[in-house]
Amino acid sequence: MTGRSEVPIGRRVAQWRMRRRMTQQGLADRLGKSKSWVDKVERGARRLDRFSVIQAIAEVLRIDPAVLLGQHSPSVGADVRDGFDGVRAALARYGVFEASACQVPVAELRRRVGHAWLSFQHGQYAQVVRALPGLLDAVQLSSGSEHGELPVQAYRVASSVLVKLGEADLGWLTADRAVAAAGEDAVLAGTAAISIGQALRLAGRQRLALAATVAAAQRLTSAATRPEVSSGRRAQELAVGGTLLLQAALAAAGCGDPGQAGVLLDQAAAVASRAEVADDPYGTSFGPVAVELARVVVAVERGAAAEAVGRHELLIRRDGWRRLSAEYRGAYLVDAARAYLLHGDLAGAGRMLVAADGVAPAEVRLRPSAHTLLAELARGRPAPPGVTRLATLVGLTR
């Protein structure tokens, strides 16, 4: 089912800490431990024999606990890992240095960008990763097309899937490329800022994420009040601005500031009441239901498990819930599993993970954050129904 590496767990902690460019003191501060404690762990002088501690270290290092335990998940296949290397290579080429390469026609580029987003929204993350190197090469050769909209969308889908799969640095880099491609277009810059916020939050840079998303949201929501703005443009500004407010609220919650998170959620709700989005060209899924989903996640972040579970059980009965994309629903159900686990309801948490797997399997089978939850639930006696099967599928042992 899985193999175990003979490398001591303390050494793996040290290796991943250095890969994240983190000092022993930095790791200690984030864990609420002393530098001496970290040093003893890395030298093997102190044993790591509690899963909760291993999980906390893995979260700080932004990896799956199975990696620290020396277990390798077969679900994250070689094609996905090779895809990350392909993304790095494509970003290093920049396109402009490929003198012999031919530009992709705009219509073909639009089709490929659209297909990547559709695959992402259906939760087909491995397929998106496989397509990214060629897509990034194409947009970098055609960077001036359509005032940057296609490059922005390509970099955004790249950042979105990389963040999903725990690649914070690559997600941040591709989001930054999206910002550069957006130029002076406020809506495009706002969509790129959504990706910036997501990548920064994954990297543990909550305050930077908060600052970036609030600034971009304010620019868009104030612009949407101008009388000369067309209804279509106004709808786009409100949808993107509202989504930025949700990202800002999540970042504020991550900073330990529930008061500001609540204010930002209320602002997003006010924007949602004004927004009339007939279509969703930038894939935000913004609206009243998205605001309520974010309220559940913020409640989890501040430890209000009973509130989160109560909100969740009312929310999934709303009509708008079913209209969200598979990716959006699957990701949210993993967050809902966290709420149930925090509430002490392991069976409920298991149901949420099984439901997420049914909606968007890659959310559970490929995402490190879901693996962390799954590993915790699989240790239950007995494990919730369906959890053992999922743990086996992703290569986790009980």
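In degrees from 0 to 90, rounded to the nearest 10, what is the angle of the helix 168-182 Cα long axis to the longest principal axis of the chain? Between the helix axis and the principal axis of the chain, the angle is about 10 degrees. Going by accessible surface with a 1.4 Å probe and the largest first, M352, M18 read M18, M352. Of the residues A158, L238, L208, the one whose Cα sits farthest toward the positive end of the charge dipole of the chain, with +1 on the Cβ of Lys and Arg and -1 on the Cβ of Asp and Glu, is L208. For region 105-122, the Karplus equation 6.51 cos²θ - 1.76 cosθ + 1.60, evaluated at θ = phi - 60°, returns couplings of x, 4, 4, 5, 5, 4, 5, 5, 5, x, 5, 4, 5, 4, 4, 4, 5, 8 Hz by residue, with Gly and Pro reported as x.
Each peptide among 327-335, 384-392 gets the average number of other Cβ atoms lying within 10 Å of its residues, and from highest to lowest they stand as 327-335, 384-392.
Using only side-chain charges placed at the Cβ, +1 for Lys and Arg and -1 for Asp and Glu, the dipole size of the chain relative to its Cα centre rounds to 1420 debye. Express in whole angstrom the spacing between the alpha-carbon centres of region 271-311 and region 171-186. Using only Cα atoms to place each centre, the spacing works out to 25 Å. For C255 and R110, a Förster radius of 41 Å and the Cβ-Cβ distance give a FRET efficiency of 0.60, rounded to the nearest 0.05. Quick one: compute the contact order of the chain, relative version, from alpha carbon pairs under 8 angstrom and 6+ residues apart, as a percent. Reported as a whole number, the value is 13 percent. With all protein chains present, calculate the accessible area of S273 using a 1.4 Å probe and round the result to the nearest 10 Å². The value for S273 is about 100 Å². Each of D82, D137 has its accessible area taken with a 1.4 Å probe; listed largest first, they run D82, D137.
Quick one: length gained pulling A92 to E59 fully straight, 0.36 nm per residue minus the C-alpha distance?
9.0 nm
Place a +1 charge on the Cβ of each Lys and Arg in region 99-187 and a -1 charge on the Cβ of each Asp and Glu, then give the dipole magnitude about the Cα centre in debye, rounded to the nearest 20.
Using Cβ point charges on Lys, Arg, Asp and Glu, region 99-187 gives about 340 debye.
Each label point was placed 7 Å from the Cα along the Cα-to-Cβ direction; for A211 and T23 their separation is 2.0 nm. With respect to the chain, whose longest principal axis is taken over its alpha-carbon atoms, helix 231-254 is tilted by about 20°. Carbon-plus-sulfur accessible fraction, the chain (probe radius 1.4 Å, protein heavy atoms only): 51%.
Farthest towards the positive end of the charge dipole of the chain, among the residues L264, L396, F286, is the Cα of L396, using unit charges on the Cβ of Lys, Arg, Asp and Glu. Highest average first, the peptides 298-308, 243-253 ordered by how many other beta carbon atoms sit within 10 Å of their residues are 243-253, 298-308. Per residue, the chain exposes an accessible area of 44 Å² to a 1.4 Å probe, with every protein chain left in place.
In this simple spin-label model, placing a label point 7 Å from the Cα along the Cα-to-Cβ direction at both L118 and S52 gives a separation of 4.8 nm. Full extension of the chain segment joining R274 with A180 gains 30.9 nm, where the gain is 0.36 nm per residue of separation less the Cα-Cα distance. Helix 258-274 versus the longest principal axis of the chain: what angle, 0 to 90°, nearest 10, using Cα atoms? For helix 258-274, the angle is close to 40 degrees. Given springs between every Cα pair under 10 Å in a Gaussian network model of the chain, which of R50, R365, R351 has the largest fluctuation? Most flexible of the set in this elastic network: R50. To the nearest 10, the accessible area of D29 is 100 Å² with a 1.4 Å probe. F84 sits with roughly 20 Å² accessible to a 1.4 Å probe, with DNA, RNA and ligands left out of the calculation.
Across all directions, the shadow cast by the convex hull of region 224-352 built on its C-alpha atoms averages 7.8 square nanometres.
The values are calculated or read from the model by the stated rules, or taken from the named source; none is laboratory data. Since this is a predicted model, take the numbers as computed values, not measurements. Positions of Cβ are backbone-derived with ideal geometry, glycine not excepted, and every protein chain shown enters the neighbour counts. With ligands, DNA and RNA removed, areas are computed over all heavy atoms of the protein, side chains included. Shrake-Rupley method; radii C 1.70, N 1.55, O 1.52, S 1.80 Å.
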